[in-house]
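Here's the structure, in structure tokens; my notes come after.
The values are calculated or read from the model by the stated rules, or taken from the named source; none is laboratory data. The shown structure was predicted, so the numbers you read here are calculated from the model rather than taken from an experiment. Ideal geometry is used to build each Cβ from the backbone, glycine not excepted, and the neighbour counts take in all protein chains shown. The protein model used for the area step is the full one, side chains on, heavy atoms only, and it has no ligands, DNA or RNA in it. Shrake-Rupley method; radii C 1.70, N 1.55, O 1.52, S 1.80 Å.
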Amino acid sequence: MSRSRTKYFWAALVALVAVILSASAWAQQAMPPQQRMPQGAVNQPSARTPGGGSGQIAMRVDGEKYGPVEMRRDGKEFRGEFWVANDGTGPLNVTRLALRTSATDPRLPGGAIVAFDDGKTIATIQPNAAKKAIVRWEVDKAGGVTELYGHVIAESDTSDRRVAAMGIHAEVELGGSPWLFNHILSWLTFLPVLGMLAIFVMYLMGYKKDENLKWLGVGLMGVELILAIWLFWAYNNGIGRAAGNDGFQFIEHGVWIRSLNVEYFVGVDGTSISMVLLTALVSFVASIASFSVKTKLKGYWAMYFLLVTGMFGVFVSLDLFLFYMFWEIMLLPMYFLIGIWGGPRKEYAAIKFFLYTLAGSVFMLLAFIALYYNADPTYLVDGSPVLHSFSIPELMRVDFLGKNLTILTMSFVKVIWVVLFVGFAIKVPMFPFHTWLPDAHVEAPTAISVILAGVLLKMGTYGMLRLNFGLLPEATQWAAPAIAVFGVINILYGAFCAMAQEDLKRLVAYSSVSHMGYCLLAMGALTPHGIEAAIVQMFNHGTITSMLFTLVGVVYDRAHTREIGKFGGMATEMPFYTAFFGFAFMASLGLPGMSGFIGEALTFVGAFPVYPVMTILAASGVIFTAAYHLWAMQRIFLGKFREDWRTSHALEDTGGKFPEMNFREAMSLAPMAIIVLVLGFWPRPLLNLIDTGVMDLTALVNPPGASQIAHLGDMASKALALLH
Amino acid sequence: MGESVVFYLLAALTCVSAGIVALSRNIIYSTIALLGTFLGIAGLYIQLSADFLAAIQVLVYVGGTLTLILFAVMLTAKIENIRTSNTARARLPAMAVIGAMLLLLGMVANSTEWPIKIAKATPSTAKLGHAFLSEYMLPFEVGSVVLLGAMIGAVVLARRAVKRDSERE
Amino acid sequence: MNSFSLDNLQSLTWFFPEIAITVGVIAVIIWDLISAGLNRIRGIVVITLASLLTSGFLSLAYLMRQLAGLTPSMSLFGGLLAFDPFSHLFRMLFAFVAAIVIVFASPSSETGAGTRKRRGAGEFFTLLLIITLGLNLMVMSRNLLMIYLSLEVVSVISFVMAGFKIDNRKSAEGALKYVIFGGMASGIMLYGMSWLFGISQSLDIGEIGNQIAMATAQNGRVPLVILLGVVCMLGGLGYKISAAPFHMWTPDVYEGAPTSITAFLSVGPKAAGFAVLIRFFEEGVKATTHYDGRLTPWAMIAGLIAMATMTVGNFTALHQSNIKRMLAFSSIAHAGYMLLGFCVFDQQGKQAIMFYLLTYALMNLGAFLVVAAVAERNGGNEDIATYNGLGSRSPVLAIMMAIFLFSLTGLPPFAGFIGKFYIFASLLHVGGRWNWILATVGVLNSVVSLFYYARVVRAMYLTKPDDKRALTVRVSWGTTIVALAVPTLALGIYWAPIYDFMTASLLIGR
Amino acid sequence: MQVGLVHYLTVAAVLFGFGMLCIMTRRHAVGILLGVELILNAAALNFVAFEHFISGGVSGQIFTVFIITLAASEAAIALAIVLQVYRTHRTVMADELTDMKN
């Protein structure tokens, strides 16, 4: 298409977006208000007694039906006001005005109170009148929590006993730039989309110097990394579920699609924060590794950015619908990235990856819908009542087991659990769903392999922890031994397969299968150590495997082959590279002093009390792991250098010598290496980050007996302290 | 009683000629046999006191549709193999299926308790005329739209063919 | 009968959308006769577009009036037609689809409008307007006679349109198959209608509904004669929406017909067929999924048809090499997905179908437009191999096609996903064993569909072009393609206003 | 035996059956169309019979008038198409039209 025509399309695009937006706005305006009731909303009560009429409770903020009340800071205290109104025909007795929280289920951080403007929590309101209510929140009493999302509820004594709710929201401004730092997760997620749009604009403007796009890529990923580091710094790791807001921080919560009760709800807690960090790190490193991509750069970077958005989105979203959207959005760029920029069998690998993941996720979608329709009534963030909810924290409160539901005569929780688990297991990838992984890895360009192994696999285990463990703890207990068994199979099977590989990248791919097995085994134990081990292993495997794939990419760029048998004596050719490689391999096989060891050791500690036999089996896997790592190293780096390389076509440009790693390549490895080393000796920062999240998760799936409850906190922290 | 005899004669005419339509190996015979079916049904319409329908059945079907079909047959069939022009395939399974279907239909027709109230046989042409200009005005107009469309369509399909040769040049 | 049943004269006030189209038909015929040259075609396009837009906006105006409570739902022409928000919504959709197809068809040589002599253009647009009129009448019909008549308007004209290409073997063949299947389907439907007429002594579907409800209550189950009648009617309507086993005509007709007509047939009559189906089963059968705790035959039959339709469509599409034929099978599969929403016979299912129809209209029209644009530059070759390397030959076209195809697959963040989501949600909302089975089959099918959609994407992006030259596209087509792709994307991200609007409008008035 | 509704229904059913048989077994396109005509006549006869014996009024007959009209217009189109096919393919045997295959 010619350039001038492209301009037409651009203009058409802008015009259309404008038309659509205005049409939507107009359509909503034109709609009669009663039609805007949310799906499954509790309808307006019709319980008007025929005689004197009765009251009808409603809450408004600034005349609007929907909240939330934005509380404003006033010294040490946040303060917001709204109106409790009587829309009925008779007088209304408000019998209780309270925050929606309780001692056993602390939804709100401490320090918040609500009352009418006369200080009472009861009132009588005449028809068509309204009474002002004031909600206050003293941040100092909140135990470090800097934001508050919650509801005020009001009960009345009308015959229908209707409870009205109003959403409340307060947030301490962070870092002096609330537009950035209070929306940090959105920025992290959608900044890459902006980059994509920038590339699109460049395309329309006819920008030709595609090589410069890599600086955009690295720059943007650098900004992401900086933001993530700020997040790490600002994250308060003392906040658990009991501290309010369900243990989430940096929450952003708003209604997205009212008719479907879908919310834009993001936040991080102990389970996800480490994954967000990992994503930022790996995508930064991979962006440096992407320099070796030379063709169709606009497309490459656009897809890369979309991929990053999808990854961040999955880790931060707290709404099932949002989660699913991000989960699926990731598929498209991945398909293109493998399919266009991949190796010889790229098409096969790309479609295989696509189909495997899609097959798992469509069933997941059904599970999500089923969970939605079986959720308990609750309120959206703005206080509108809903019968069903996609919100993960709300779903965590639902007792699905107690509802005795069935699907096709099987137990609801078990079916849903299995469906979710299989969906995630494909991503992990768990034996027997792993066959896409070696193909995808081998064919994908280096940077994409890095992302695939570094982040994408973790989405599987993260999904298990967040949804299987979080939403269906009873079913998790039922299935825990199976998870562990599959974990052990993964460890051993991955290690054996890795031993048999001639292709270095395939070897690393199978080592990923093996290492993800540790996560599964650890998870299956359901102990605090186990779950902690799973997350630690996820993080560490992400960093180590990124290094490995980058290193494979480095040698492949030079030799244009990855066949282990063709190398030998490389230590003399590329000593610096050899050092890095050895370091990464040692980390991967779990040498003490490197982070890989921490994950594995924690796994064994966590799993041994529960599954002694399996743990021993898994531990024997370490031997095989060491074997294939060392064997591969020996074959590549030791022995005699093959002289036929001197005359090989691949090394023509460099006069038959393997050039040493360049600065860029070293830079893409260094951050990971430092992290691996630091965490190997001093894992405290990582453990601190996830401790509270792990404790909350353990409490869900492994509820302590009555005698333990009082000491749980102590015992667990002692146990953890022993480890560290 | 006389009415019954007439009915049976007409029914026999209808069904037998329908059978020929369905089973004859010669397309011309099939087409001509359709004439019998149409006439038989026209007769049945008279028995059912639908005299106007009988008239248009003869006029439109026999005079129009059937002539068209004959034209089409003549224009497309190869005269030399006219005897086997109307071959059929898979007749046995089809007959089995249709036999079963007819049994079902017969069963349903017999087992249903129809709320029968026999009206006096009265000529209905005038009533139809009134209905067309009052209650069924819109269908009447829509019917004319269909005819307009069909006319244009037939012209489109036919005209191209006629002009094709001169267009080629 | 309805308390608001208007007589013939009063009804005309509420019949303007159809009158606008009729006036358009006459104007096109006259203009076609009195003008010549380029003006002829321009005038015709302007007249058709004007009458369609008038029709669409009048329907919108009626809809707004009804939503605002200014005009109640009522029956026109003594109960023959319904005047309710449900029909307005569909009429707007038809006006939109027909307008797109006109933009699409006006420069195309297949329809005669794009050739030098522009032979057949007048007839083409006249017939398109008449079909649209028929579609409008279909969605309004609440009387068996009107259902039959309007269906026949659409069918008869569709036959002509399918055979519109001059001396084209495929076109003629497709048209013949269409006519044979169409004739059979309407015959069977009529036969079913006659039984229903016999049992209920009325052609009004409301009256039929009462009779069916009464008979069902008396017998404790649906009487066989009613089952027979309704199943026969399903034959006729199933043929219109190309549901299995009445789908056999679809691939041949779609492949043979001019691409603009294929696009129209795959959206317009299908939507109208669903509208009639929904109205007939809601008003005329009063269908529910469960009766007395047991599955009703309606849910059973509709579910079986839905499963068969999806599966046949998807699995046959897998090994097609002609893209139009592939999209034909995909449109069969999509009818199956929509039938899933139909199976639940409730408000939510209706909303799901309606939303799906909208998204389907956008993405399917878009996909066919791209097909037309690519085929035109490849000498009418519609092979998937002609898409090789389209990503580099025409980036905009390829991106748009990828959007449409992924949306057809049902991947987020495209509108097709939201459509599918609502369909599955409506199934699981009702729940029960049967609906779970249906939903499972549905999602499996949606995975299968990825295979063949991805084949085109693979050809566009992963395969080297055979011909490296850039592929250009007309401005009017390009703009239309973008105009369809933008909402396909936008509705996948924020669809609340449209969905809410439809929810409010999906009332079948009595 | 008094001739009643069921007799007419039976005649119609037989017509319907023969029509279906035509459609299912015929190879000649016109032969198939003859089958369609039979089915349409079956339906029309049903309508008139039901009206005569049960409902009274005129709606059944009206319906039949439209069936006849539309059958004629459909036949006109169908035969035009048959001629088109004959021109392009030199055959009208439905199973020999195999330009498009799955």
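Set side by side, the residues C:Phe124, C:Phe90, C:Phe96 differ, and just one is more than 11 Å from every other protein chain (Cβ to nearest Cβ), assigned to a helix (DSSP H, G or I), open to solvent by less than 10 Å² (accessible area, probe 1.4 Å) and in contact (Cβ under 8 Å) with a residue 24 or more places away in the chain, which is C:Phe90. Each residue in region C:127-179 was checked for being open to solvent by 10 Å² or more (accessible area, probe 1.4 Å), away from chain B (no Cβ under 11 Å) and either outside any helix (DSSP H, G or I) or closer than 22 Å to C:Val25 by Cβ (or both), and 0 pass. From the list D:Val92, D:Val14, the lone residue that is buried (at least 24 other Cβ atoms within 10 Å of the Cβ) and among the β-branched types (Val, Ile, Thr) is D:Val92.
Based on this model, can you work out whether C:Leu203 counts as out of contact with any Gly (no Cβ under 9 Å at 6 or more places or on another chain) and either facing chain B (nearest Cβ under 10 Å) or farther than 25 Å from D:Arg26 by Cβ (or both)? So C:Leu203 does not fit the description; no. Scanning region C:465-499 for residues that are facing chain A (nearest Cβ under 9 Å), in a helix (DSSP H, G or I), open to solvent by 20 Å² or more (accessible area, probe 1.4 Å) and over 19 Å from C:Phe406 (Cβ atoms) yields a total of 3.
Pairs are defined by a Cβ separation below 6 Å, a sequence spacing of at least 6 or placement on different chains, a first member in region A:190-204 that is within 14 Å of chain C (Cβ to nearest Cβ), and a second member that is in a helix (DSSP H, G or I) and among the charged types (D, E, K, R); the pairs so defined are A:Ile199/A:Lys298; A:Tyr203/A:Lys298. Can you name every residue in region C:153-191 that is at negative phi and over 23 Å from the mean Cα position of the chain (by Cα)? Matches in region C:153-191: C:Ile166, C:Asn168, C:Arg169, C:Tyr191. Among A:Ile340, A:Ile329, which is the only one that is closer than 19 Å to A:Glu443 by Cβ, at the interface with chain C (Cβ under 10 Å from one of its Cβ atoms) and not charged (D, E, K, R)? It is A:Ile340.
On the stretch given as region C:39-58, residues that are touching a residue at least 60 places away in the same chain (Cβ under 8 Å) and open to solvent by 50 Å² or more (accessible area, probe 1.4 Å) total 0.
Among the criteria (1) open to solvent by 10 Å² or more (accessible area, probe 1.4 Å); (2) farther than 20 Å from A:Met516 by Cβ, the one A:Pro432 does not fulfil is (2).
Taking (1) modelled with pLDDT under 90; (2) surrounded by fewer than 24 Cβ atoms within 10 Å (Cβ to Cβ); (3) part of a helix (DSSP H, G or I) in turn, C:Arg116 satisfies each apart from (3). Of all residues in region A:77-124, how many are of a type in the set (Val, Ile, Thr) and not in a loop (DSSP other than H, G, I, E, B)? Number satisfying all stated conditions: 6.
Taking the residues in region D:26-62 that are more than 7 Å from every other protein chain (Cβ to nearest Cβ) and more than 21 Å from B:Ser17 (Cβ to Cβ) as candidates, determine which candidate is modelled with the lowest pLDDT. Among those that are more than 7 Å from every other protein chain (Cβ to nearest Cβ) and more than 21 Å from B:Ser17 (Cβ to Cβ), it is D:Gly57. Could you look through region D:76-89, keep only residues that are more than 8 Å from chain B (Cβ to nearest Cβ) and touching a residue at least 12 places away in the same chain (Cβ under 8 Å), and pick out the one that is surrounded by the fewest Cβ atoms within 10 Å (Cβ to Cβ)? Step by step, filter region D:76-89, then rank; the result is D:Val85. Checking each residue of region C:35-49 against the condition of being within 26 Å of C:Ala271 (Cα to Cα) and within 13 Å of another protein chain (Cβ to nearest Cβ) gives no match. When residues in region B:17-37 are screened for being within 7 Å of another protein chain (Cβ to nearest Cβ) and not β-branched (Val, Ile, Thr), 5 of them pass. Only a single criterion out of (1) within 28 Å of C:Ala95 (Cβ to Cβ); (2) not in a loop (DSSP other than H, G, I, E, B) is not satisfied by C:Phe197, namely (1).
Cβ separations smaller than 7 Å between residues 6+ apart or across chains give the following pairs from region B:89-103 residues that are within 7 Å of chain D (Cβ to nearest Cβ) to residues that are assigned to a loop (DSSP other than H, G, I, E, B) and open to solvent by less than 60 Å² (accessible area, probe 1.4 Å): B:Arg89/D:Arg27.
When C:Pro245 is tested against (1) part of a helix (DSSP H, G or I); (2) open to solvent by 10 Å² or more (accessible area, probe 1.4 Å), just one condition goes unmet, and that condition is (1). Looking for whichever is of a type outside the set (A, V, I, L, M), within 25 Å of C:Leu38 (Cα to Cα), away from chain B (no Cβ under 13 Å) and surrounded by fewer than 24 Cβ atoms within 10 Å (Cβ to Cβ) here; the options are C:Ser73, C:Ser109. Which one fits? The conditions single out C:Ser109. Regarding region A:109-131, can at least one residue be identified that is under 26 Å from the mean Cα position of the chain (by Cα) and open to solvent by less than 50 Å² (accessible area, probe 1.4 Å)? Yes, there is a match, as at least one residue in region A:109-131 is under 26 Å from the mean Cα position of the chain (by Cα) and open to solvent by less than 50 Å² (accessible area, probe 1.4 Å). In region A:502-587, counting only helices (runs of 4 or more DSSP H) that sit wholly within it, the ones holding 2 or more residues that are open to solvent by less than 10 Å² (accessible area, probe 1.4 Å) span A:504-525, A:528-559. Please determine whether any residue of region A:423-446 is among the aliphatic types (A, V, I, L, M), assigned by TED's automatic domain parsing to the domain that holds A:Met667 and farther than 18 Å from A:Leu358 by Cα. Yes: one or more hits. So, in region D:26-52, how many residues would count as being among the hydrophobic types (A, V, I, L, M, F, W, C) and open to solvent by 10 Å² or more (accessible area, probe 1.4 Å)? Total satisfying the criteria: 1. Taking every residue in region C:420-440 that is under 15 Å from C:Gly349 (Cα atoms) and within 8 Å of chain A (Cβ to nearest Cβ) and pairing it with any residue that is open to solvent by less than 10 Å² (accessible area, probe 1.4 Å) and outside any helix (DSSP H, G or I), at least 6 positions away or on another chain, the pairs with Cβ-Cβ distances below 7 Å are C:Trp436/A:Ile407. Being within 7 Å of another protein chain (Cβ to nearest Cβ), within 22 Å of B:Val6 (Cα to Cα), open to solvent by 10 Å² or more (accessible area, probe 1.4 Å) and modelled with pLDDT of 90 or more is a property that D:Val65 lacks.
Please work out if A:Gly339 is open to solvent by less than 10 Å² (accessible area, probe 1.4 Å), assigned by TED's automatic domain parsing to the domain that holds A:Leu457 and touching a Leu at 6+ places or on another chain (Cβ under 6 Å). For A:Gly339, the condition - open to solvent by less than 10 Å² (accessible area, probe 1.4 Å), assigned by TED's automatic domain parsing to the domain that holds A:Leu457 and touching a Leu at 6+ places or on another chain (Cβ under 6 Å) - is met.
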